[in-house]
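Comments concern the structure below.
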Amino acid sequence: MLKERIMLILGFIGLLVYLSPLVILGEGSHVRIHDNLDSNVIWYKTLVESGKIFAENNAQIPNMMNGLPRAALDSEWNVYVLLFYLFEPFTVFTINTFLMRFIAFIGMYLLLKKHIFRNQEVSPFITVGVTLGFSILPFWPFGALSIAGIPLALYAFLNIRSRESSWKDWLIIVLIPFYSLLVLSFSFFIGLMGVLWLTDWIRKRKANWKMFTAIILMGIIYLMKQYRLVTGMLFGQDFTPHREEFSRGHKNFPDTLELFWENFTTAHTHSESLHQPIILYAVVIGLILLIGSWIKHRWKKDINALHFTVTEKLLPFLLFLIVIFSFWYSLWYWEGMRVLKDAHSLFNTFNFGRVHLLNAVLWYIIFAISLAVISKRIRYGHWLVPVLIICQLVVLANEHHELKYRSIDYPSYEEFYSEGLFEDIKDYIGEDPKDYRVVSIGMHPAIAQYNGMYTLDIYATMYPLSYKHQFRDIIAGELEKNESLKDYYDTWGGRVYVYLDEIGENYLLTKDKDKKIKDLDFGTEAFKEMGGDYILSAAELENAEESNLELLEVFENEDSPWRIFLYEPAS
């Protein structure tokens, strides 16, 4: 018991060390940009600053897209909305990271101790080591508990299933929906809990109505929280969403199998598990040991003496689930699925392949089981187990956001948004930001949005399809030059950006790259018709005059990685 407490304390200390750069460096920290600084931060920031948190679905957020419908942004019942209301954006990011990782630590530890290794003597090095590893995964920040909270939710449901629940388990089930996303992972989690409940009912011929109630309760809370999305699905929006034009999933079967293998071995950006190479090979060793034990007893015709624990039996079953989830994810992008997607818009707009995001949790559960098998069935396994855990922790530490993004020359949080530089630009323009509209070239429009400018371009998960078509006129010339960009915009369109053939999907044209655009084809008239006034370009537009654009000024300072060329349509 003392040894376990010491290990837990060391685990918490390790987690605090991992988190410390956010506190020490503050806004000088290097953090994820994709689906984070380029989007989610400004969605919540802009929503709170707009004063339209509780507005009706058809109310407009004027800062975005000439009036983005309120229905396109998240529910007011998401914890993030409260946090952004109370604190500055970077403080919210820090609080969220601490909450997410400590809940991941507590949840995984409780799950392993209470249910995975129930009534078994397992080294605390395994339970705490695997728990620490899971808690320092590079979780998608705005997924919150969508992945990090799965172990805690599973712990609560298994307590209710085994009729050992307390008020704490019900509290977990009630609170998690407010700090996680139904569409990302919990729709699948709830579905799997339903399958487990139904399986128990069929096997035992007796229903566990408490567990059934817990499943329904969590589902109802999610639907109430996401009432804007639900009412939109049931009664329609006041606009046709751009998602109606989604056309994803045209892979042939060989490419589908390649995607399956890629997902199985390397996971996904929204649910990175970093299970290759250490965890994957530990699992293979664990399986070989179990199969070898079975073959050995069968060869000796002593099969009745063979005994696998319930936990050991979980190893092949959970690995099979991972294979199924990864295969279903890849199958969702197979061209053969177009029949289903074309039959109903729900299958085209909702990504049913996201069940694979649960794999991150499953990998760490089977890692713990494999380590227990190795410790038990190899002569010196108890020495090998700490080596494997330490190696995995090294792999995870090497993916720490500060090391990862600093090493590839990403700007820090403070540098990315460059508030001082944008103050200079706004001072030069000399107008109230609500009276003019801007677009950005070579950098994420979220930067201008964060700095209080009203942007025509933005990254959004839902917006009017008519706006997508209108904005396309601005970039039509450039899209015709680049088939990849054309397909990206026309079949998805989540990023309503000023795409240029010469830079592709590069939105980090910092001044050290000294990029010049030689052949710009910009729809200036369409830009003006949409109310556009200024272009903020991270690269010099050498033939700007051919698009009837005039260079006004160039802005840069020593604290910012950007050099901004300010253009306007020539009069």
I need a count of the residues in region 420-457 that are over 26 Å from the mean Cα position of the chain (by Cα), under 19 Å from Thr510 (Cα atoms) and not hydrophobic (A, V, I, L, M, F, W, C). 3
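So, in region 91-104, exactly how many residues are among the aromatic types (Phe, Trp, Tyr) and in contact with a Ser or Thr (Cβ under 8 Å, 6 or more places away or on another chain)? If you could, list the steps in order and put the result at the bottom.
From region 91-104, those among the aromatic types (Phe, Trp, Tyr) are 93, 98, 102; that's our starting set.
Remaining after also requiring in contact with a Ser or Thr (Cβ under 8 Å, 6 or more places away or on another chain): 102.
Matching residues across region 91-104 total 1.
Could you check, for region 48-55, whether at least one of its residues is among the hydroxyl-bearing types (Ser, Thr, Tyr), without any contact (Cβ under 8 Å) to a residue 24 or more places away in the chain and touching a strand residue (DSSP E or B) at 6+ places or on another chain (Cβ under 6 Å)? Let's see the steps before the verdict.
In the first step, residues of region 48-55 are kept if they are among the hydroxyl-bearing types (Ser, Thr, Tyr); the result is 50.
Pick out the ones that are also without any contact (Cβ under 8 Å) to a residue 24 or more places away in the chain and you get 50.
With the extra rule that they be touching a strand residue (DSSP E or B) at 6+ places or on another chain (Cβ under 6 Å), the set shrinks to 50.
Within region 48-55 (the criterion being among the hydroxyl-bearing types (Ser, Thr, Tyr), without any contact (Cβ under 8 Å) to a residue 24 or more places away in the chain and touching a strand residue (DSSP E or B) at 6+ places or on another chain (Cβ under 6 Å)), the answer is yes, since at least one residue qualifies.
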Going through (1) touching a residue at least 24 places away in the same chain (Cβ under 8 Å); (2) within 18 Å of Lys113 (Cα to Cα) one by one, Lys168 fails only at (1)
Conditions (1) within 21 Å of Leu86 (Cβ to Cβ); (2) touching a helix residue (DSSP H, G or I) at 6+ places or on another chain (Cβ under 7 Å); (3) modelled with pLDDT under 95; (4) of a type in the set (D, E, K, R): number failed by Lys45: (3)
Any residue at all in region 555-570 that is closer than 23 Å to Met65 by Cβ and open to solvent by 10 Å² or more (accessible area, probe 1.4 Å)? yes
Which numbered condition in (1) closer than 24 Å to Lys434 by Cα; (2) in a helix (DSSP H, G or I) is the only one that Val498 fails? (2)
Can you name every residue in region 1-35 that is of a type in the set (Lys, Arg) and part of a helix (DSSP H, G or I)? Lys3, Arg5
Identify the single condition in (1) in a helix (DSSP H, G or I); (2) over 25 Å from Tyr454 (Cβ atoms); (3) within 34 Å of the chain's Cα centre (by Cα); (4) not hydrophobic (A, V, I, L, M, F, W, C) that Arg472 does not satisfy, given that it satisfies every other one. (2)
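Let's see how each residue does on (1) small (Gly, Ala, Ser); (2) touching a Ser or Thr at 6+ places or on another chain (Cβ under 9 Å):
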| site | (1), (2) |
| --- | --- |
| Asn40 | no, no |
| Trp43 | no, yes |
| Lys52 | no, no |
| Asn58 | no, no |
| Met65 | no, yes |
| Ala71 | yes, yes |
| Phe84 | no, no |
Among the residues listed as Lys516, Lys481, the single one being open to solvent by 50 Å² or more (accessible area, probe 1.4 Å) and either over 32 Å from the mean Cα position of the chain (by Cα) or at pLDDT below 95 (or both): Lys516
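Restricting attention to region 445-463, which residues are assigned to a helix (DSSP H, G or I) and surrounded by fewer than 24 Cβ atoms within 10 Å (Cβ to Cβ)?
Step one: of region 445-463, the residues assigned to a helix (DSSP H, G or I) are 445-450.
Hit for region 445-463 is Tyr450, nothing else.
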I need a count of the residues in region 481-529 that are within 20 Å of Tyr417 (Cβ to Cβ) and basic (Lys, Arg). 3
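Have a look at Phe522, Phe471 and point out the one that is over 26 Å from Leu37 (Cα atoms), surrounded by 15 or more Cβ atoms within 10 Å (Cβ to Cβ), hydrophobic (A, V, I, L, M, F, W, C) and modelled with pLDDT of 95 or more. Spell out the reasoning first.
Details: Phe471 fails: over 26 Å from Leu37 (Cα atoms).
Matching residue, one of Phe522, Phe471: Phe522.
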State the number of residues belonging to region 403-414 that are within 21 Å of Ile447 (Cα to Cα) and modelled with pLDDT under 95. 5
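Give Leu192, Leu257, Leu171, Leu223 a once-over and let me know the one that is open to solvent by 30 Å² or more (accessible area, probe 1.4 Å), assigned to a helix (DSSP H, G or I) and closer than 28 Å to Glu56 by Cβ. Show your work before the answer.
Numbers: Leu192 fails: closer than 28 Å to Glu56 by Cβ; Leu257 fails: closer than 28 Å to Glu56 by Cβ; Leu171 fails: closer than 28 Å to Glu56 by Cβ.
Testing whether each residue is open to solvent by 30 Å² or more (accessible area, probe 1.4 Å), assigned to a helix (DSSP H, G or I) and closer than 28 Å to Glu56 by Cβ leaves just Leu223.
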Please pick out the residue among Leu509, Leu549 that is open to solvent by less than 70 Å² (accessible area, probe 1.4 Å), in contact with an Asp or Glu (Cβ under 9 Å, 6 or more places away or on another chain) and at pLDDT 95 or above. Leu549
Residue list for region 409-427, filter: farther than 23 Å from Lys516 by Cα and either in contact with a Pro (Cβ under 7 Å, 6 or more places away or on another chain) or in a helix (DSSP H, G or I) (or both): Tyr413, Glu414, Glu419, Gly420, Glu423, Lys426, Asp427
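Looking at Ile279, Ile291, Ile322, Ile285, can you tell me which residue is surrounded by 13 or more Cβ atoms within 10 Å (Cβ to Cβ), at pLDDT 80 or above and more than 30 Å from the chain's Cα centre (by Cα)? Please lay out each step first, then the result.
Working: Ile279 fails: more than 30 Å from the chain's Cα centre (by Cα); Ile291 fails: surrounded by 13 or more Cβ atoms within 10 Å (Cβ to Cβ); Ile322 fails: more than 30 Å from the chain's Cα centre (by Cα).
Answer to the selection: Ile285.
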Residues of region 130-148 being assigned to a helix (DSSP H, G or I) and either within 21 Å of Pro177 (Cβ to Cβ) or open to solvent by less than 10 Å² (accessible area, probe 1.4 Å) (or both), in sequence order, are Val130, Thr131, Gly133, Phe134, Ser135, Pro141, Phe142, Gly143, Leu145, Ser146, Ile147, Ala148
Region 175-185: number of residues that are modelled with pLDDT of 95 or more, in a helix (DSSP H, G or I) and open to solvent by less than 50 Å² (accessible area, probe 1.4 Å): 3
Tabulated pairs, region 409-422, first at positive phi, second aliphatic (A, V, I, L, M), C-beta under 8 angstrom, 6+ apart or interchain: Ser418/Ile447
Can you work out which of the residues in region 369-398 that are free of Cβ contacts under 8 Å to residues at least 24 places away in the same chain and not in a helix (DSSP H, G or I) is farthest from Leu19 (Cα to Cα)? Arg379
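What about Arg205, is it farther than 19 Å from Gly493 by Cβ, open to solvent by 40 Å² or more (accessible area, probe 1.4 Å) and basic (Lys, Arg)? Outline the logic, then answer.
Numbers: farther than 19 Å from Gly493 by Cβ: yes; open to solvent by 40 Å² or more (accessible area, probe 1.4 Å): yes; basic (Lys, Arg): yes.
The answer is yes for Arg205.
State all residues of region 5-38 that are among the charged types (D, E, K, R) and either at pLDDT 95 or above or surrounded by 15 or more Cβ atoms within 10 Å (Cβ to Cβ) (or both); if no residue qualifies, say none.
Step one: of region 5-38, the residues among the charged types (D, E, K, R) are 5, 27, 32, 35, 38.
Glu27, Arg32, Asp35, Asp38 - these are the residues of region 5-38 that are among the charged types (D, E, K, R) and either at pLDDT 95 or above or surrounded by 15 or more Cβ atoms within 10 Å (Cβ to Cβ) (or both).
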From the option list Ile475, Ile408, Ile425, Ile503, single residue qualifying as in contact with a strand residue (DSSP E or B) (Cβ under 7 Å, 6 or more places away or on another chain) and not aromatic (Phe, Trp, Tyr) is Ile425
Count - residues of region 332-368 that are open to solvent by less than 30 Å² (accessible area, probe 1.4 Å) and not in a helix (DSSP H, G or I): 2
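The values are calculated or read from the model by the stated rules, or taken from the named source; none is laboratory data. As the structure is a computational prediction, the values presented were derived from the model and not from experiment. Because the Cβ atoms are built from the backbone with ideal geometry, glycine has one as well, and the counts that use them run over all protein chains shown. Note: accessible area is taken over every heavy atom of the protein model, side chains too, but ligands, DNA and RNA are not part of it. Shrake-Rupley method; radii C 1.70, N 1.55, O 1.52, S 1.80 Å.
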